[in-house]
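Only one structure is covered here, and it is reproduced in the block below.
The values are calculated or read from the model by the stated rules, or taken from the named source; none is laboratory data. Every value quoted in this text rests on a predicted model; they were computed, and no experiment measured them. Using ideal geometry, Cβ is built from the backbone for each residue, glycine included, and neighbour counts are taken over all protein chains shown. These area figures cover heavy atoms from the full protein model, side chains too; ligands, DNA and RNA do not enter into them. Shrake-Rupley method; radii C 1.70, N 1.55, O 1.52, S 1.80 Å.
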Amino acid sequence: MSNPPLRLGIAGLGTVGAGVVKIVRQKAALLAERTGREIVISAVSARNRDKDRGVPMGDYAWEDDPVTLATRDDVDILVELMGGSDGPAKAATEAAIRAGKDVVTANKAMLAHNGQALATLAEDAGAVLRFEAAVAGGIPVVKALTEGLAGNEITRVMGVMNGTCNYILTRMEDGGLTYDAAFAEADALGYLEADPELDVGGIDAGHKLSILSAIAFGCQVDFGSVELEGIGAVSIDDIRQAADMGYKIKLLGVARMTGRGLEQSMAPCLVPATSPLGQLQGGTNMVVIEGDQVGQIVLRGAGAGEGPTASAVIGDVMDIARGLRISTFGQPAARLQQARPAKVATPASYYLRLALLDKPGALAKVATALGDAGVSINRMRQYDHVTDTAPVLIVTHKTTRAALDASIDAMMETGVVARPPVVLRIEEV
């Protein structure tokens, strides 16, 4: 081949890093055939040099310092797989860019918190910063937005972007488990981050949503404006009773640009049980993109794991090997403005689960509170009870969250509601 080899420096040799090494070693001929250029590894870096990673590392130069790795003369692309929004990952990425290297990363936290600055730095230096592996693992959603759907005005992006949360919610439903039991099972299987709140608190998925929002709506990444709510308050009763009404509960990210600004939320929502999102099981991810020309696109696949995430990393490396050089977020960083953040106020139907005291006229008072706030009832069910409170489910017609909150405040003053109701937004899919 006439082109010189493309030389990688890999910082971070955990599950994904080891997976990247395996692909480069095992599929060298295939990669060269598809790019017209040999792809090789020059050097690697990790915290523990002696750890058995299931693949030989002795063929590559070793650097204890990832910044030193990033600036080596025999490295063309830094593959950053260390993780963390700051610290060594950010330092190595910046050093690589300043040294004229391209960067491929799987680091959603770093991009969510520093994406605009890193994109500006890369584009000013003439470097490429790619991050397909940072969002939804093996699903090529970044490529879909930046390339395949570039001729569309995107109207909504939504999806299940954390496999751990989807696994927990699926196990609660299928196994009749409490949240705590399903959480413990996921932990025993090694699905949870070292800080579980990154998963179950919606933070990990919120990072991904903020990145997709920037691409979809042509604005700067703004993770700080994502409304976050985790799955810890979802009960087995909610899951069962939502199913009884024809819905499934998912930790759902939704972003849309409105006349008021950019809405971004990552929270438990109800989706129709028959919809693609409603049928999503286990640790699988799904991203739904809606464009004015293409309509609705559904992308489904493995959202994590060695093979899927390493596949996404290699896809970015191969694009660079082919000579594809694209702005980090699909258009020049210098043109990206910060979108005006907007609280989620787009009208939607809502699910309410109430515990009503067993008093005459209790249900009528709740209905009056809803009606006075302009919230109409679509469906309602009351269940048998053996305690002094009766479980009642209400699905509203489309309304704003502000109107719903006003009705809930009025309900709580009636003396017939035992505790604040569970409220979940219903997203149409």
Check which residues have an amide H placed less than 5 Å from Ala273's amide H, if you skip close sequence neighbours. Tyr247, Lys248
At a Förster distance of 35 Å, what's the computed FRET efficiency of Asn48 paired with Leu324, Cβ-Cβ distance as r, to 0.05? 0.50
In terms of modelled amide H atoms, which long-range or inter-chain residues lie less than 5 Å from the amide H of Ile377? His397
Ala28 to Ala243: extension gain in nm, 0.36 nm per residue of separation minus the Cα-Cα distance? 72.6 nm
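Given a cut-off of 22 Å, name the pairs among Lys108/Lys143; Lys343/Lys398; Lys22/Lys90 whose C-alpha atoms lie farther apart than that in the structure shown.
Numbers: Lys108/Lys143 15 Å; Lys343/Lys398 17 Å; Lys22/Lys90 25 Å.
Pairs exceeding 22 Å: Lys22/Lys90.
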With a probe of 1.4 Å, find how much accessible area segment 75-221 has per residue, and write the answer as a whole number in Å². 31
Each residue of segment 258-271 in order: what ³J(HN,Hα) in whole Hz does its phi give by Karplus 6.51 cos²θ - 1.76 cosθ + 1.60, θ = phi - 60°, with x for Gly and Pro? 10, x, 8, x, 8, 8, 9, 9, 10, 7, x, 9, 9, 10
Of the peptides 12-25, 156-169, how do they stack up when ordered by the mean number of other Cβ atoms within 10 Å, highest first? 156-169, 12-25
In segment 144-175, whose amide N lies under 16 Å from the spot 7 Å out along Cα-to-Cβ of Glu185? List them in ranges. 163-175
Whole-Hz Karplus couplings 3J(HN,Hα) for segment 418-426, θ = phi - 60° and coefficients 6.51, -1.76, 1.60, Gly and Pro as x, run 5, 7, x, x, 6, 10, 10, 6, 10
Short version: ³J(HN,Hα) in whole Hz for each residue of segment 286-292, in order, from phi by Karplus 6.51 cos²θ - 1.76 cosθ + 1.60 (θ = phi - 60°), x for Gly and Pro, what are they? 8, 10, 10, 10, 10, x, 5
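Can you send over the carbon and sulfur percentage of the accessible area for the chain, probe radius 1.4 Å, protein chains only?
Answer for the chain is 48 percent, counting heavy atoms of protein chains only.
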Quick one: if you stick a label point 7 Å off each Cα along the C-beta vector at Arg401 and Ala150, how many nm between them? 3.4
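To check you understand DSSP bridge types, tell me what percent of the beta bridges within the chain (both residues inside) are antiparallel, rounded to 5.
65
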Please work out the Cα center distance from segment 352-404 to segment 186-264, rounded to the nearest Å. 26
Quick check on packing: order 246-259, 279-292 by the mean number of other C-beta atoms within 10 Å, highest mean leading. 246-259, 279-292
Specify which labelled value, from (i) 84, 45, 34; (ii) 85, 45, 44; (iii) 73, 45, 42, agrees with Cα extents along the principal axes in Å derived from the coordinates of the model shown. (i)
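Ordering His385, His207 by accessible area with a probe of 1.4 Å, largest first, what comes out?
His385, His207
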Taking only the C-alpha atoms, wrap a convex hull around segment 257-397 and report its volume per residue in Å³ as a whole number. 198
Skipping prolines and chain starts, which residues have an amide H placed within reach, meaning under 5 Å, of the one on Leu6, given they are 5 or more residues away or on another chain? Glu38, Ile39, Val40
Length added when fully stretched, Ile236-Asn3, from 0.36 nm per residue minus Cα-Cα: 78.0 nm
Sorted largest first, the C-alpha extents of segment 366-429 along its principal axes in whole angstrom are 35, 28, 16
When ligands, DNA and RNA are left out and all protein chains stay put, how many square angstrom of accessible area per residue does segment 326-416 have with a 1.4 Å probe? 52
